[in-house]
Amino acid sequence: MVESGMSPESTEPVNKESASGRPVGPGPIGGDISNVLYGLGDRFKVSSLTERHSSTAVMGLFAFVNGLVAIALMSLAALATGQPLIFPSLGPTAFLLFYTPTAPAASPRNTLCGHAIGAAAGYLSLVVFGLTQAGPALAEGVTMARVGAAALSLGLTSGVMVWSKVPHPPAGATTLIISLGILTKPPQLAVLMLAVCLLVVQGFVINRLAGIDYPIWSRRKD
């Protein structure tokens, strides 16, 4: 007897489909990439996407192209404005916005608030340990003050996100970028948040084009 939602040949889950043929629920590797692909194919009348939305090869290609486009756009904006709009923590955020766009952690509320908490916690840790004028740990080495700042920043970020009910895992990378001295100036933190905003806008546009109910601010309660 084959369990519902499983293929007879393997235990890998397969999308269920609605009456219209649109996939419902997690795709074959979890997440919503197959649903996004189907929606984009349906929106732009690309039959190859609607027919192969659950193909691992096609989903991987979409993830590759989408990640490339997301960071390329950010790089072009950085080039045009002369501002460093590219940060390591944007990578995992971009993946969340398109792999699990309907998850609470991927909502604009969690994404923006999570990174803001991470930035604030990182800077506060620099202040507490007197490191606001220090160079990055990669250049000056790791000291006990730097260890304390990194530990405090991550602890604060994790705790405040939970207390505020806005968990966003990539914010843990944001706070370490700051507490390790890669970014130390308030204007740099403002640019970081601008980059997060731009990424959220891109996520909103693409997911809405695909027919995904990506929230304007936070996920609707069931």
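Residues in segment 172-185: is at least one surrounded by fewer than 19 Cβ atoms within 10 Å (Cβ to Cβ), within 21 Å of Thr93 (Cα to Cα) and at pLDDT below 95?
There is at least one residue in segment 172-185 that is surrounded by fewer than 19 Cβ atoms within 10 Å (Cβ to Cβ), within 21 Å of Thr93 (Cα to Cα) and at pLDDT below 95.
Pick from Gly25, Gly39: which is in contact with a Lys or Arg (Cβ under 7 Å, 6 or more places away or on another chain) and of a type outside the set (Ser, Thr, Tyr)?
Details: Gly39 fails: in contact with a Lys or Arg (Cβ under 7 Å, 6 or more places away or on another chain).
After ruling out the rest, the residue left standing is Gly25.
I need a count of the residues in segment 177-194 that are outside any helix (DSSP H, G or I) and β-branched (Val, Ile, Thr). It would help to see each step written out before you state the result.
Residues of segment 177-194 outside any helix (DSSP H, G or I): 180-185.
Among the residues that remain, those that are also β-branched (Val, Ile, Thr) are: 182, 184.
The total comes to 2.
Kindly provide the set of residues from segment 46-98 that are polar (S, T, N, Q), more than 21 Å from the chain's Cα centre (by Cα) and in a helix (DSSP H, G or I), ordered by number. Can you show your working first?
Of the residues in segment 46-98, the ones polar (S, T, N, Q) are 47-48, 50, 54-56, 66, 75, 81, 83, 89, 93.
Next, only the ones that are more than 21 Å from the chain's Cα centre (by Cα) stay: 47-48, 50, 54-55, 81.
Listed by number, the residues that qualify are Ser47, Ser48, Thr50, Thr81.
Since Leu198 meets every condition but one in (1) over 18 Å from Phe98 (Cβ atoms); (2) touching a residue at least 40 places away in the same chain (Cβ under 8 Å); (3) assigned to a helix (DSSP H, G or I), which condition does it not meet?
Only one criterion is unmet by Leu198, namely (1).
The values are calculated or read from the model by the stated rules, or taken from the named source; none is laboratory data. Remember, predicted model here, so these are calculated numbers, not experimental data. Counting neighbours? That spans all protein chains shown, and the Cβs are built from the backbone with ideal geometry, glycine included.
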